[in-house]
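**Q** Quick one: the structure is below, and I'll ask about it shortly.
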Amino acid sequence: MKNTYFISVFMLSVAFLASCIKDDSNKVVPVETKTYKNLAAAPTVNATTGQPQAPTSKFTLFSLRTGEVIANTDSTTDKWDLGFRGTTIIVNGGAIRTGKGGVFLFTGLFDELKEVSTTAVFAVDESTTKLAIAPASGQSWYNYNALANVISPIPGRVLVVRTGDGKFAKVEILSYYKDAPATPDQTSVSRHYTFRYVVQADGSTKLSN
């Protein structure tokens, strides 16, 4: 009788622990808005003026999942999600990439974009001259003022990104200049992105809590 009691207690304990483990595994992790400052978009700096010159042929590769710059030696893996060079942004997906990435240009407020639409069509980089994010003024995330020689992010333009490993994120470019000056001018150091972003790590389409 005593043995039966201890066995019952043991079995209940095991069942309780198993339920706790199951609950933890199903626990929803809230998404978090993060900001990355001064991502250098592969510039070559003039040693005399300190100003960026024409960028190198390489892109600065970035992982939204880890919040880190990825080495160019990993360019043929799915470790990175976006690549930056000057005003050009590439995605890790398409015929010339290795990852599962893509991008959809959303028009609206960053905070109001709560979920990836089921009708969203993700563009990919089909070739070096046909990119998912058009590298031209007014066609994607920025406008260029030729008179002031200033690049300005277009308000209400959000990049909905499918990451290199097939998950979802949203990105809003806040500034193209070092330290994100409120009113950049020709003396501002360019090719240094500041952007905010949200990544949904569980693979769902939810981009807000």
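**Q** Restricting to the stretch 65-88, and then to whatever is in contact (Cβ under 8 Å) with a residue 60 or more places away in the chain and in contact with a Leu (Cβ under 9 Å, 6 or more places away or on another chain), can you tell me which residue is farthest from Leu39 (Cα to Cα)?
**A** Initially, the stretch 65-88 is screened for residues in contact (Cβ under 8 Å) with a residue 60 or more places away in the chain, giving 65, 77-82, 84, 86-87.
Okay, now just the ones that are also in contact with a Leu (Cβ under 9 Å, 6 or more places away or on another chain), so 79-82, 84.
Details: Lys79: 17, Trp80: 14, Asp81: 14, Leu82: 12, Phe84: 9 Å.
That would be Lys79.
**Q** Is it the case, given these coordinates, that Thr163 is among the hydroxyl-bearing types (Ser, Thr, Tyr), at pLDDT 95 or above and in contact with a Leu (Cβ under 7 Å, 6 or more places away or on another chain)? Steps first, please.
**A** On the way: among the hydroxyl-bearing types (Ser, Thr, Tyr): yes; at pLDDT 95 or above: yes; in contact with a Leu (Cβ under 7 Å, 6 or more places away or on another chain): yes.
Yes, satisfied.
**Q** Where residues in the stretch 187-209 are part of a loop (DSSP other than H, G, I, E, B) and of a type in the set (A, V, I, L, M), which of them is surrounded by the fewest Cβ atoms within 10 Å (Cβ to Cβ)?
**A** So the first thing to find is which residues in the stretch 187-209 are part of a loop (DSSP other than H, G, I, E, B), and the list is 187-189, 201-205, 207-209.
Pick out the ones that are also of a type in the set (A, V, I, L, M) and you get 189, 201, 207.
Working: Val189: 18, Ala201: 14, Leu207: 23.
Selected residue: Ala201.
**Q** Of all residues being among the charged types (D, E, K, R) and crowded, with 20+ Cβ neighbours inside 10 Å in the stretch 93-138, which is nearest to Arg191 (Cα to Cα)? Just the residue, please. So that I can check it myself, show each step before the final result.
**A** Filtering the stretch 93-138 down to residues among the charged types (D, E, K, R) leaves 97, 100, 111-112, 114-115, 125-126, 130.
Among the residues that remain, those that are also crowded, with 20+ Cβ neighbours inside 10 Å are: 97, 125.
Values: Arg97: 23, Asp125: 21 Å.
So the residue we want is Asp125.
**Q** Right, next: Could you tell me how many of the residues in the stretch 157-186 are surrounded by fewer than 17 Cβ atoms within 10 Å (Cβ to Cβ) and touching a strand residue (DSSP E or B) at 6+ places or on another chain (Cβ under 6 Å)?
**A** Number of matching residues: 2.
**Q** Quick check on my filter: what residues within the stretch 47-67 are at pLDDT 90 or above and either closer than 12 Å to Gly83 by Cα or of a type in the set (A, V, I, L, M) (or both)?
**A** Phe59, Thr60, Leu61, Phe62, Ser63, Leu64
The values are calculated or read from the model by the stated rules, or taken from the named source; none is laboratory data. All figures in this text were calculated on a predicted structure; none of them were measured in a lab. Quick reminder, even Gly has a Cβ in these numbers, built from the backbone with ideal geometry, and neighbours come from all protein chains shown.
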